[in-house]
Structure formats: structure tokens, C-alpha cells
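Single-structure report; data block below.
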Amino acid sequence: MEKFANIFYVLASVLFILGIKKLSHPKTARNGNFLAAVGMFIAIVATLVSYGKIDFQLIATGMIIGAIIGATFAIKVEMTQMPQMVAIFNGFGGGASALVAAAEFLKTGEITTFTLGTIVLSVFVGTLTFTGSFIAFGKLQGFVSGQPVVFPGQQMINAIFAIGMLGIGYMLVQSPSEMNFFYAVVVISAMMGITLTIPIGGADMPVVISLLNSYSGIAAAATGFVLMNNGLIIAGALVGASGMILTNIMCKGMNRSLTNVIFGAVGLKKESTGEGTAKQITVKSYSTEEAAMIFDSAEKVIIVPGYGLAVAQAQHAVREVAEFLESKGKEVLYAIHPVAGRMPGHMNVLLAEANIPYEQLKDLDEINPEFEDCDVALVLGANDVVNPAARHDTSSPIYGMPILDVDKSRTVIINKRTMNTGFAGIQNELFGFDNSIMVFGDAKDMLQQLLKDLKEL
């Protein structure tokens, strides 16, 4: 039976890999998610069948409860809250791995040194992921300050925790009957999840979510070794590796150090002195009618979606405006920053929901050269990802982060509800540029009125 189970695990692994491959592009992402889901279903069935004596009634009850919770999240959670949901799911994944490993540790019977070592690793990484993910959720939801939470000796405390974890983990492997060692592993792991995450600022949360996703995969792989389950080992390794690769890509895209993110130093290295927020910015406020006249004379328009667009659920309204402009012979493109919104791919998913052609979605490297011959750049709720301070203000928490070069457009029309700062907590100097104008209001309402004004010209 084990041989047949391994065959199905291989099949599931192939589906996982194909799913990850398809997730690399918005056009195929939905199919990729489906393939991965089928692979996971096959892996679950193979595991249940191979273990033989199992209380299927209890298993079915757990699956039903889990399905209800998952379906509720999928239906009820708004697109703007998707990053928070991903953070919670990362935490649940890590917590589940830690609980399974703990259950194996508490079972009666002889446990090998290797198994004890993997139990320690699974409990450590899983618990760290659980607490760290809920801190990330709190920062995204506003329960915890989005600013870096720092205190004297923070890095020293993290180092002490890490050394203590190694020492106590070793003692637990040598003396598994000493339950205090096990409890200490759980407590230290939980504390490290908190202390490694709280110094990371809100602007870097997308990187943190990706890293915690990788951790949940590592915890799952470790638990796979605890149970000697090849399917879990493969699935965990794929999640861990792909998550770490994505984290590294995002770090490069945001000019962050992967080492700093792993060890909770982001936000400590580049603390803002407040100079960016002290500058007085004078903005030019225009009506939608005045903005419509600017669009009417434009030939090339680049739309820059941001979190404000997601909050207003204005993706359908922006598509209608774009289609009208295209009907007048104008070129319309969408500039997608890799961390626009609150997680990787947030804007891609949002615009795909409105059936905006994938060919019009351009990533940062592809779209930036286009701004120099762009007549109008329409910024909808984006803030930090278009802030020119990232290029020159060394005191800014976003310094060094690649941005969309919207300021190089002939005219920049910016839509915001208020002059509040972005998630990084700094004022955007773009708002005061000579070629920038502001159209205040809810993005959806503004776009609907803009479309009406365009039709009346």
C-alpha cells in the first residue's frame, strides 16, 4: 500500500509544480490554483488510505469544519483584506505543523534521535510562523502599529533567543522525558515570532508575508520527516523553496536585505528622521470636468492602481473609463508595481476580476520607460510606490525602493480621498510637483463622474 501511496504522491507533486508554474502569470493563475488543489486532494486521499486504521468519521468531521471555514473566508473576505487572510492562513499552516509534531512527541513509545530533532525543528518553525503571522495580520489590520516597533537591545534579545533555542533543543533531544525543555521550546519559538516581526514596518509587510509563507512550508516539510510522509515532505519543500525565492525577488525589488528581513532588522536599518513628513506640500486641486479635458487631449494614458482603488472596489469603473478612452483612439496601459496594495499580485488579481486584458498589465521594469512619452499618468490610490523620495531621500523608510516613474509623465493626475500618508507613514512629494494635479474623492465615485464628463465633451 505504501508503494501505491508514493506513486500518488509523485502525481500530486507534478500537479503542485505545474500549479506553481501557472501561478507565475495572471492569465493562467486560476488554472494553476485548481491544479494545485487537485494535487493536494490526491495527496490527502493517498495518506488516509495508506495509514489503514483511521477514524474516518473524525477525519470527515474535521474536513467538513475546515471546508466551511475556508469557504466562508473565500466568500466573505473582501479583496482589500486578502493580505490579512493570507497572513492568517500562513499562521494556521505553521500552527498545524507544530501541533502535529507536538502530538508525535507526546505519544508513548520509543522516539529516535532523528525524529526528536525534526520534532524540535517543526515545533520551532511552526510556532514562530504562527505568532509572527498574527503580528503581521495585526499590522495590516491596524491592531498593531504599522511603524517599526523598536527598543534598545532588540537584536541582542533575538540573538539570545536563537542561542537559547539551539541549546534547549539539543537538551530536549538528549533528554526527551524532560517536559520543561519542550515547553521552553514552544515559549521561545512563540516569542521569536513576535520579536522578529514587530520591528518590521508596514511598508515591508508584503516581504514578511512571503517569508512567513516560506516558513510554513519548512515547518510542513519538517513535520513530514516526523511522520515519514513523502507527500508532506515534498509539498512542504515546494512551498518553502518557492516562498523563499519569491521573498528574495521581492527584497531585490524593494532594495531590502534578505538577511535583515529574516532576522527582523528591516525598519531598524533605515529609520526615518521625520524630514520626509516635515516638508510642506502645496497641491493643485482639480475637478473631474477639468481632468476630463486633459484626458481628451491626451494620446497615451498610463493607469497606476493602488490600495485606494482596492478599498473603493473601483476596478470595474476604471475599466469602463479605459474602454471609453480606447474607443477615442487613445493608448491605455496599466502600471503594476510588484508590491502595490498589501501583497504580491494584489493589483493583478483585482484588475483580472474586472476582465481587464492581461496584455495591458505591465510590470515595473516594462512600464517605466513608457512614462517619458506618456501624456497622462492616472494614479488611483497608490502612494509609496510612486513617491520620488525613494530615489534621493536617505532618511525615508522607502529609500532605495524601485518606484514607478510617474513623475516623468507630462501630466500626473492623482486621485486620493485625503492627504493622508501611505502605509510607510511619509508624505508623498509627488503631490507637490508642477506637473501633478489632485482630484480628491472616492476612486469609484471619481471615475464614474470622470466617465460622465468625458462623454459630455
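The values are calculated or read from the model by the stated rules, or taken from the named source; none is laboratory data. These numbers were taken from a predicted model, which means no experiment stands behind them. Here the Cβ positions follow ideal geometry from the backbone for every residue, glycine too, while neighbour counts run over all protein chains shown.
If you go through region 318-331 one residue at a time, do you hit one that is farther than 26 Å from VAL86 by Cβ, under 26 Å from the mean Cα position of the chain (by Cα) and surrounded by fewer than 16 Cβ atoms within 10 Å (Cβ to Cβ)?
Step one: of region 318-331, the residues farther than 26 Å from VAL86 by Cβ are 320-331.
When the remaining residues are screened for being under 26 Å from the mean Cα position of the chain (by Cα), the result is none.
No, region 318-331 contains no residue that is farther than 26 Å from VAL86 by Cβ, under 26 Å from the mean Cα position of the chain (by Cα) and surrounded by fewer than 16 Cβ atoms within 10 Å (Cβ to Cβ).
Taking interchain pairs and intrachain pairs at least six residues apart, which have beta carbon atoms under 9 angstrom, with the first residue in region 70-88 and under 19 Å from MET347 (Cα atoms) and at pLDDT below 80 and the second surrounded by fewer than 19 Cβ atoms within 10 Å (Cβ to Cβ) and among the acidic types (Asp, Glu)?
MET79/GLU353
Filter region 298-319 down to the residues that are outside any strand (DSSP E or B) and not aliphatic (A, V, I, L, M) and list them by number. Spell out the reasoning first.
Initially, region 298-319 is screened for residues outside any strand (DSSP E or B), giving 298-299, 306-319.
Selection gives GLU299, GLY306, TYR307, GLY308, GLN313, GLN315, HIS316, ARG319.
Just to check your reading of the model, which residue among THR411, THR418 is more than 15 Å from ALA340 (Cα to Cα), assigned by TED's automatic domain parsing to the domain that holds SER285 and at pLDDT below 90? Before the answer, list the steps.
Working: THR411 fails: at pLDDT below 90.
Only one candidate passes the filter, namely THR418.
Does VAL144 fit the bill of being in contact (Cβ under 8 Å) with a residue 24 or more places away in the chain, of a type in the set (A, V, I, L, M, F, W, C), in a loop (DSSP other than H, G, I, E, B) and in the same structural domain as VAL239 (by TED's automatic domain parsing)?
Working: in contact (Cβ under 8 Å) with a residue 24 or more places away in the chain: yes; of a type in the set (A, V, I, L, M, F, W, C): yes; in a loop (DSSP other than H, G, I, E, B): yes; in the same structural domain as VAL239 (by TED's automatic domain parsing): yes.
Yes, satisfied.
Could you grab me the full set of residues in region 391-428 that are out of contact with any helix residue (DSSP H, G or I) (no Cβ under 8 Å at 6 or more places or on another chain) and under 25 Å from VAL318 (Cβ atoms)? First the steps, then the outcome.
Keep residues of region 391-428 that are out of contact with any helix residue (DSSP H, G or I) (no Cβ under 8 Å at 6 or more places or on another chain), which gives 391-392, 394, 410, 418, 420.
ARG410, THR418, ASN420, listed by residue number.
Conditions (1) more than 11 Å from PHE124 (Cα to Cα); (2) in contact (Cβ under 8 Å) with a residue 12 or more places away in the chain; (3) among the hydrophobic types (A, V, I, L, M, F, W, C); (4) surrounded by 24 or more Cβ atoms within 10 Å (Cβ to Cβ), marked per residue:
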site: MET171; (1), (2), (3), (4): yes, no, yes, no
site: PHE182; (1), (2), (3), (4): no, yes, yes, no
site: ILE188; (1), (2), (3), (4): no, yes, yes, no
site: GLY193; (1), (2), (3), (4): no, yes, no, yes
site: GLY201; (1), (2), (3), (4): yes, yes, no, yes
site: ASP204; (1), (2), (3), (4): yes, yes, no, yes
site: ALA222; (1), (2), (3), (4): no, yes, yes, yes
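Those residues that are in a helix (DSSP H, G or I) and touching a Cys at 6+ places or on another chain (Cβ under 9 Å), I need them from region 212-258; list them, please.
First, pick out the residues of region 212-258 that are in a helix (DSSP H, G or I): 212-227, 230-253, 258.
Correct list: LEU258 only.
Do we have any residue at all in region 98-109 that's outside any helix (DSSP H, G or I) and within 22 Å of ALA220 (Cα to Cα)? Don't jump to the end; show me each part of the working.
From region 98-109, those outside any helix (DSSP H, G or I) are 107-109; that's our starting set.
Subsequent filtering for residues that are within 22 Å of ALA220 (Cα to Cα) retains 107.
Checked against the condition, which is being outside any helix (DSSP H, G or I) and within 22 Å of ALA220 (Cα to Cα), region 98-109 yields at least one hit.
Hey, does region 70-90 have a residue that's charged (D, E, K, R) and within 29 Å of PHE182 (Cα to Cα)? Before you say what the answer is, go through the steps one by one.
Of the residues in region 70-90, the ones charged (D, E, K, R) are 76, 78.
Going one step further and asking which of them are within 29 Å of PHE182 (Cα to Cα), we end up with none.
No, because not a single residue in region 70-90 is charged (D, E, K, R) and within 29 Å of PHE182 (Cα to Cα).
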